[in-house]
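Accompanying notes for the structure given below.
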Amino acid sequence: MNMPNKLTTLRVLLVPLFVVFLLLEHGQNHTFRMISLVIFIVASLTDFIDGRMARKHNMVTDFGKFMDPLADKLLVCSALICLIDLDAIPAWMVVVIISREFIISGFRLVASDNGVVIAASYWGKFKTTFQMIAVILMILDIPVLAPATAACTWIALILTIISLVDYIAKNYQILLKGDI
């Protein structure tokens with residue numbers, strides 16, 4: 001397993017640790033929240049590092065093309081679900097975001113059955129970046145940053161929808177080839 005794939009695997013392994021620390025948050029002591037924030041930032045940085053490293057050193061693999069977006073989904077969706085419990089984001093927004101992820105995962109499964117691996121698009125990367133920024137701002141929960149947090153959350157939601165439409169438009173022929 002090459003280094004980018006190890007970083008992707010690390011991101012997946014950090015998800016449960018992140019969730020535990022975020023949900024341990026109680027009352028005025030924000031120690032666990034800050035630990036979860038550090039874990040989330042480290043996990044998010046592995047997303048940027050592994051992709052750049054894989055492309056720069058020609059270490060792109062089918063495992064990376066498949067697992068990197070999955071690791072991002074696990075990290076971001078876990079965070080968003082936890083943030084519903086902390087009243088940081090409305091549940092309906094999370095449902096829209098997670099629905100997009102299930103649809104894209106379904107496309108990837110059909111593509112895989114047809115011997116095709118679909119890498120993440122630029123719209124998907126922008127979406128993930130804004131989702132990660134929004135999650136960081138929601139975890140920080142700094143009142144003066146509330147407008148920026150709301151703006152990033154809405155931008156992430158809009159990019160989620162745009163990336164879904166773009167993904168379907170570029171890959172609908174895969175569904176036509178599959179046994180549906």
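FYI, it's all coordinate maths here, none of it is from the lab. If you're wondering where the values come from, they're calculated on a predicted model, not measured in any experiment. Note: ideal-geometry Cβ built from the backbone for every residue, glycine included; neighbour counts use all protein chains shown.
By how many nm would the segment from Val95 to Leu145 lengthen if fully extended, with 0.36 nm per residue of separation less the alpha-carbon distance?
Stretched out fully, the Val95 to Leu145 stretch lengthens by 15.6 nm.
When only C-alpha pairs under 8 Å and at least 6 residues apart count, what is the relative contact order of the stretch 12-109, in percent?
On the way: 57 pairs, mean separation 24.7, N = 98.
It rounds to 25 percent for the stretch 12-109.
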Need one number: nm distance between label points at Asn2 and Asp166, each 7 Å from Cα along Cα→Cβ, rounded to one decimal.
2.4
Taking a crude spin-label model, label points 7 Å out from Cα along the C-beta direction, the Leu45 to Leu176 distance in nm is 4.6
Measuring from the longest principal axis of the C-alpha atoms of the chain, the long axis of helix 3-23 (C-alpha) lies at a number of degrees, nearest 10, equal to 40
Computed lengthening from Ser105 to Trp154, 0.36 nm per intervening residue step minus Cα-Cα distance
15.4 nm
With -39,500 (n - 2.57) per DSSP H segment of 4 or more residues and division by the full residue count of the chain, the 222 nm estimate, nearest 500 deg cm²/dmol, is -28500 deg cm²/dmol
Which of the lysines could a cross-linker bridge to Lys65, judged by Cα under 20 Å and excluding same-chain residues fewer than eight apart?
Lys6, Lys56, Lys73, Lys125, Lys127, Lys170
In degrees rounded to 10, the 0-90 angle between helix 31-56 Cα long axis and the longest Cα principal axis of the chain is 30
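If you stretched the chain out fully between Leu10 and Asn58, how much longer would it get, using 0.36 nm times the residue separation minus the C-alpha to C-alpha distance?
Computed gain between Leu10 and Asn58 is 15.3 nm.
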